[in-house]
Amino acid sequence: MKYLLTFYSQEPVQVPANYNKILQAALLNWLGDGAYSAFLHDRGYQRDKRSFKMYTFSDMMGEHFYQAEKKKLIFTGPIQICLTFYSDEGHSIIAETVSVRRPLRLGHVWLQLVDCQLVMEEYRDCVVETLSPVTIHSTLMTGDGRKKTYFYSPTEKDFSTMLRDNLVRKYKAYYDVEPENADFKILPDTFGRLREVKTYYSGFQIRAWKGRFRLYGSVEMLELALMSGIGARNSIGFGCIVQKRLL
């Protein structure tokens, strides 16, 4: 399920421009120190030497401005974060955390949970909007034997194929079987403009894209895309999407 969480702080909230690692740690701590939280942090669902956590979260949303001299974002009002889990265990933890109104610690600031809304979606061909940017990549070898990370653009044909293959691997990691119907395609929405985003996580640059996309596919693939996120690095806050309209 997908949850839209609203937090409030009595003082402005300052975060680095590249805050994914801080927000990831804050959300995992907010979910508590139970077995499932530890599982998400330490292991995840394994497949072909890869680990899939089957959850993702959005960018921080709310009124803010950028303080260039400190390279920080300053949020001046309520902050909304979309958090989505594919597994039932995640939903149980969210319910428990929300019931006790556990505050979210972001750096040295405590944010109070003031609202939690369940986001309902239909698993049909649809237009989605990114709440955090989408990224997908391959590791290539250069002529001199060095490794190079190549990030795919939504304008490339391989972008859709790579995202589909990524979803299939997630499905097999979670269920340990092939999906019955692995049909999936993603295209830029002709009514929206895509924007490239360059950010850093632990010193590594990531190229990603924000905007609107059209999703086509089977029920099982669309549910997986909407609930676990699309593309790579979902567990550090990439690929969170929300349904805007059905096709």
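Here are a few things to note about the model shown:
- The chain: most fluctuating residue of ALA35, ALA232, ALA182 per GNM, C-alpha cutoff 10 Å: ALA35
- About its Cα centre, the chain has a charge dipole of approximately 900 debye under the convention of +1 per Lys or Arg Cβ and -1 per Asp or Glu Cβ, with nothing else charged.
- Between region 178-220 and region 65-86, the alpha-carbon center distance in angstrom: 22
- Accessible area of the chain divided out per residue, in Å², using a probe of 1.4 angstrom: 51
- Among ASP115, ASP42, ASP165, the largest mean-square fluctuation in a Gaussian network model of the chain (Cα springs under 10 Å) belongs to ASP42.
- One quarter of the convex hull surface built on the alpha carbon atoms of the chain amounts to 14.5 nm², the projected area averaged over directions.
- Taking label points 7 Å from Cα along the Cα-to-Cβ direction, LEU118 and THR190 give a separation of 3.7 nm.
- Distant-in-sequence amide contacts of ARG47, defined by a placed amide H-H separation under 5 Å and a gap of 5 or more residues or a different chain, comprise PHE52.
- The calculated FRET efficiency for the pair VAL98 and ASN181, based on their C-beta separation and a Förster distance of 25 Å, comes to about 0.15.
- At most 13 other Cβ within 10 Å, DSSP loop - trypsin sites (Lys or Arg not before Pro), region 158-213: ARG193
- Paramagnetic reach from THR149 (point 7 Å along Cα→Cβ, amide N under 18 Å) across region 199-238: 199-210, 230-238
- Cross-link partners of LYS244 among lysines, defined as those whose alpha carbon lies under 21 angstrom from its own and excluding same-chain residues fewer than eight positions apart: LYS2, LYS185, LYS210.
- Share of carbon and sulfur in the accessible heavy-atom surface of region 53-149 [1.4 Å probe, %]: 50
- Helical runs (DSSP H, four residues minimum) scored at -39500 (n - 2.57) apiece and divided by the length of the chain put the mean residue ellipticity at 222 nm at -7500 deg cm²/dmol.
- Accessible area, probe 1.4 Å, largest first, for residues HIS108, HIS64: HIS108, HIS64
- Residue among THR139, THR76, THR130 with the largest mean-square fluctuation in a Gaussian network model of the chain, springs linking Cα atoms under 10 Å: THR139
- The chain, relative contact order in percent, only Cα pairs under 8 angstrom and at least six apart counted: 28
- Enclosing the Cα atoms of region 62-146 in their convex hull gives a volume equal to 242 cubic angstrom per residue.
- Reach of LYS49 by Cα under 24 Å, taken over lysines that are not fewer than 8 positions away in the same chain: LYS21, LYS147, LYS148, LYS170, LYS172
- Heavy atoms of GLU96: accessible area, 1.4 Å probe, square angstrom to 10: 110
The values are calculated or read from the model by the stated rules, or taken from the named source; none is laboratory data. Source: prediction; values computed, not measured. Positions of Cβ are backbone-derived with ideal geometry, glycine not excepted, and every protein chain shown enters the neighbour counts. Heavy atoms of the whole protein, side chains included, go into the accessibility calculation; ligands, DNA and RNA do not. Shrake-Rupley method; radii C 1.70, N 1.55, O 1.52, S 1.80 Å.
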